[in-house]
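Taking it in order: structure first as structure tokens, then the write-up.
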Amino acid sequence: MPSDFTAPGLKRRRNRDGTIRLIWVARADLVLRGYVPKTVRLHYSIDDPGDRRLIEAACSRLQAEMLAWACGSQNDLRSHDGSIASLVRLYQTDPASPYRDLKWNTRRTYDQVLRTIEKAFGMRSLAALGIRDLRRWYDEAKKPKQAGGQERIRKAHGIVSMMRRLLGYGVMAELPECGRLARILDEARFKQPGRRKAKLELHHVEAFIKAAVAAGRPSLALGTALQFETTMRQRDVIGEWRKDAPNGGGIVLRGRYWTGGLTWSHISDDLLMVKETTKTGADVGHDLKLTPLVIKLLCQIPADRRVGPVIVDEIAGRPYAEHAYAREWRIIARAAGVPDRIWNMDARAGGISEADEAGADLDAIRSAAGHSQSSTTLRYVRGTIGKSQKVARMRTAHRNKR
């Protein structure tokens, strides 16, 4: 490596296939103070003399932005160089940005999209952009992964939506060109992904429970039964691992605290369950004695094991690690004959749809699901004719009266 090569913050990481990837890494002490991004992937080759100058430039820019933030200059928007990458960085680091008010898991999702944007066209100047560029990016992003595959409209629309957020922030921060581009996107229309139509139905759940118990995974059986019978979100049943758990926690895994999941303290001796939902903070209550799938599984759990989290990974002896629940669930689902197009999250839609099919009042379903608005509940009603049957019967009764 030439002696004049200067790339502050540059680190090398080895991929599984033995190749080397380059990453700029922020100072650990500043990350602890809240600086983001923590890392930035650099898509260059250190063996290419031409790429070395680009690596130096990228690392120097990222290092300068980090040090400016550390010196209290994060409010100085004059550091904006007019590029999309610079806009992304300001959106993530400016204390006045709406990004700072997002929940941790929403930030994580946003960061994934922001990395895609920065990698694909971060060096583009805002002044040089127009609708043709935005349309071309959308069209490229929606192309199938493989020839003949499905278009990735959800991914493409997510990029456009994130560009709207970035430009909206830029307008608030009075950054050049953001107002012009925001007005363009206000008028532009891009095809949106369709709503999910899949749902986990009763016969799926029954087959899954049987397969899970046979495989020695009663935790997966109980978790799925709870999601389907109570229409609770997966997160409210199995919990999640957070670095910034509000009250800390007694269960820690790689620096993250387990929080938000269902514990035995939420369930009374007479099997009444009351829990605050993680998304809206609404309290939901269920009489588990009226949930046949759940009660059958609960009866198999000895009293001395009814302490702490309800759903515990049998192998690890603690709540499921991030992504492990979904991964293990899919293994059992395939063994039970549940199609891959149906996900664990579709248990909530399945339970709500079954309630609609049974003719339950919409507001009662809304309350049971912990939704604040009935319009949200309606989005989970998939492929049922419960309400239309009720309307038809009422119309017939009305005609007979006449």
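Each reported figure results from applying straightforward, stated rules to the coordinates on display, with no laboratory input. Keep in mind the model is a prediction, meaning the values are calculated, not measured. Because the Cβ atoms are built from the backbone with ideal geometry, glycine has one as well, and the counts that use them run over all protein chains shown.
Per-structure values
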quantity: Trypsin sites (Lys or Arg not before Pro) within the stretch 164-224, DSSP loop, no more than 10 other Cβ atoms inside 10 Å; calculated: Arg189, Arg195, Lys197
quantity: Percentage, to the nearest whole number, of Cα pairs in the stretch 10-187 over 28 Å apart; calculated: 28
quantity: Gained length - Ser372 relative to Met172, 0.36 nm times residue gap less alpha-carbon distance; calculated: 69.0 nm
quantity: Candidates per GluC sites (Glu not before Pro) in the stretch 160-268, loop by DSSP, up to 10 other Cβ within 10 Å; calculated: Glu174
quantity: Gyration tensor verdict on the stretch 220-356 (Cα atoms; rounded if a/c is under 1.5, prolate if a/b is larger than b/c, oblate otherwise); calculated: rounded
quantity: Length gained when the stretch Glu206-Asp283 is fully extended (0.36 nm per residue, less Cα-Cα span); calculated: 24.9 nm
quantity: Dipole magnitude of the stretch 202-393, debye to nearest 20 (Cβ charges: Lys/Arg +1, Asp/Glu -1, about Cα centre); calculated: 520
quantity: Sorted by Cβ density within 10 Å, fewest first, the residues Ser375, Ser367, Ser219; calculated: Ser375, Ser367, Ser219
quantity: Gaussian network model of the chain, Cα within-10 Å springs - most flexible of Asp17, Asp346, Asp133; calculated: Asp17
quantity: Translational D in µm²/s for the chain (Stokes-Einstein at 20 °C, 1.002 mPa s, Kirkwood Rh from C-alpha pairs); calculated: 86
quantity: Dipole magnitude of the chain about its Cα centre (Cβ charges: Lys, Arg +1; Asp, Glu -1), debye to nearest 20; calculated: 1220
quantity: Note, ³J(HN,Hα) from phi for the stretch 355-370, Karplus 6.51, -1.76, 1.60, rounded to Hz, x at Gly and Pro; calculated: 5, 5, 4, 7, x, 5, 5, 4, 5, 5, 5, 4, 5, 5, 7, x
quantity: His157, His323 arranged by Cβ crowding within 10 Å, fewest neighbours leading; calculated: His323, His157
quantity: For the stretch 167-297: rounded, prolate or oblate by the Cα gyration tensor [a/c cutoff 1.5]; calculated: prolate
quantity: DSSP-assigned coil residues among GluC sites (Glu not before Pro) in the stretch 118-171, each with at most 15 further Cβ atoms within 10 Å; calculated: Glu151
quantity: Cα-Cα separations in the stretch 280-402 greater than 22 Å, expressed as whole percent; calculated: 56
quantity: Ranking of Leu271, Leu290 by count of other Cβ atoms within 10 Å, fewest first; calculated: Leu290, Leu271
quantity: Dimensionless Rg over Rh [the stretch 28-130; C-alpha; Kirkwood]; calculated: 0.96
quantity: Among Leu362, Leu54, Leu222, residue whose mean-square fluctuation peaks in a GNM of the chain (springs only between Cα atoms under 10 Å); calculated: Leu54
quantity: Computed over the stretch 278-402: relative contact order in percent, which uses C-alpha pairs under 8 Å that are six or more apart; calculated: 24
quantity: Residue pairs, from the table Lys143/Lys197; Lys197/Lys401; Lys103/Lys197, whose Cα atoms sit over 29 Å apart; calculated: Lys197/Lys401
quantity: Within the stretch 287-385: Cβ-based charge dipole about Cα centre, in debye rounded to nearest 20 (Lys, Arg +1; Asp, Glu -1); calculated: 200
quantity: Prolate/oblate/rounded call for the stretch 27-71, Cα gyration tensor, a/c under 1.5 rounded; calculated: prolate
quantity: Set of lysines near Lys11 by C-alpha distance (under 19 Å), chain-local residues within fewer than 8 positions excluded; calculated: Lys38, Lys119
quantity: Highest-MSF residue in the chain out of Ala57, Ala147, Ala211 [GNM, Cα springs under 10 Å]; calculated: Ala147
